[in-house]
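What follows is a single structure, written as structure tokens, with notes after it.
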């Protein structure tokens, strides 16, 4: 069984955002056992799994990745689309644009503290498109 | 065909550990062709594929990631759970918490030098839970 | 339905290379809906999705990752295979060695700007082997 759905998320501000409930809200009944694959169709944002409770974690992600991948590095050559563009491509590749999550007893089998992060690296990234594919 | 199993690994010390044999020991007969998905249900550890022969590689991973993601950065705001906690979340997201590995002729089709690493980033991470899902 | 194919790419120079067309050239007719999993059987190269139009992006990836993961760090202990070897293992784990891409209406459902990168981190990495697995 393969079921697929394409969705578009409302724009997010730059930063790390919990979207677990949004994602599960888009899913119809899940199979007893299987996998959910989530694919983000962009190269300047990312998906990640991380701590879902304390917002300070997402704040520190923001701090850390902006320090790790600085803007306005004079060595960058891809600069025409703004100072946040090339760093966004790099951050996107480090975190990755897709997640695969097990489905168990008709539910996503995430750990207690695992939430799905939409990582928006552009100042104005606009709506982001996802492809949800369920194998069961 | 979808087959799934949940397992709990004995606690590992902080560092990078080869768990290929442990994982294959938990698997029953694999399908002729397919995929194995391994999901770690935690946000302060990770899974990775890397060099399976020389332990010095795993030692250097430890050195590198501790330098890349320092502890006790005064800018961190998520500090209540110990100085190893926020760095563990960041490391976990950089490496990722799941792997998908092809199955060919009833065996994992890894490269000669590829082994499965359990990356334990906490000082006392305790037992780690995995979900193994086989699609074939 | 599971279909699998193993391929070997001609050697690439050190750097980031677009291989989307090479990959799709190896694929026979894709299912209406499904997933393509691409696995790289090596620990000193990686696969990533990123910007497919402007070569300056790939040039800046090269600059960034060489700065993030320096060669000849005196703290490395795994040095027998050359100064590019241990950094290659680290870069490989940060980017990851596999991709999963949705298939929709018999085609890879990538974003407009998403291309598949073969990230070659060795000076002379030689031919790289991939396993392509289609679930549909």
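Odds and ends about this structure:
- A crude spin-label estimate for the pair residue B:72 and residue C:127, with each label 7 Å from Cα along the Cβ direction, gives 5.2 nm.
- Taking the C-alpha atoms only, the angle from helix A:85-95 to the longest principal axis of chain A is near 40 degrees.
- Three-way shape call for the range C:60-100 based on the alpha-carbon gyration tensor, with the a/c threshold at 1.5: oblate
- Prolate/oblate/rounded call for the protein assembly as shown, Cα gyration tensor, a/c under 1.5 rounded: rounded
- Cβ-vector label at 7 Å, residue B:107, separations to other copies in nm: 3.9, 3.9
- Neighbouring Cβ atoms from other chains, within 10 Å of the Cβ of residues in C:99-107, number 5 on average.
- The mean sequence separation of alpha-carbon pairs under 8 Å and at least six residues apart, normalised by the residue count of chain B, gives a relative contact order of 56 percent.
- Highest to lowest packing among C:6-12, C:45-51, scored as the average C-beta count within 10 Å: C:45-51, C:6-12
- With its label point defined 7 Å out from Cα along the Cα-to-Cβ axis, residue C:56 lies at 4.1, 4.1 nm from the matching points of the other copies, in increasing order.
- Per-residue mean of foreign Cβ neighbours for A:122-133 is 2 (Cβ atoms of other chains, 10 Å radius).
- Highest to lowest packing among C:75-83, B:52-60, scored as the average C-beta count within 10 Å: B:52-60, C:75-83
- Chain B: angle of helix B:55-68 to the longest principal axis, Cα-based, in degrees nearest 10: 40 degrees
- Cα gyration tensor shape of chain A, rounded if a/c is under 1.5, else prolate or oblate by comparing a/b with b/c: prolate
- Zone of residue A:54's modelled label, taken as backbone nitrogen in the range A:105-132 under 14 Å from a point 7 Å along Cα→Cβ: A:113
- Under 17 Å from the residue B:105 label point (7 Å along Cα→beta-carbon), backbone N, the range C:1-17: C:4-8
- Taking every DSSP helix (H) stretch of at least 4 residues in chain A, weighting each as -39,500 (n - 2.57) and dividing the sum by the residue count yields a mean residue ellipticity at 222 nm of -7000 deg cm²/dmol.
- At 7 Å out from Cα toward Cβ: residue B:70 inter-copy label distances (nm, ascending): 1.4, 1.4
- The mean number of Cβ atoms from other chains found within 10 Å of a Cβ in peptide A:61-67 is 4, as a whole number.
Values in this text are rule-based calculations from the coordinates and carry no lab data. Keep in mind that this is a model prediction, so the values were computed, not measured. Cβ sites come from the backbone with ideal geometry, for glycine too, and all protein chains shown count toward neighbours.
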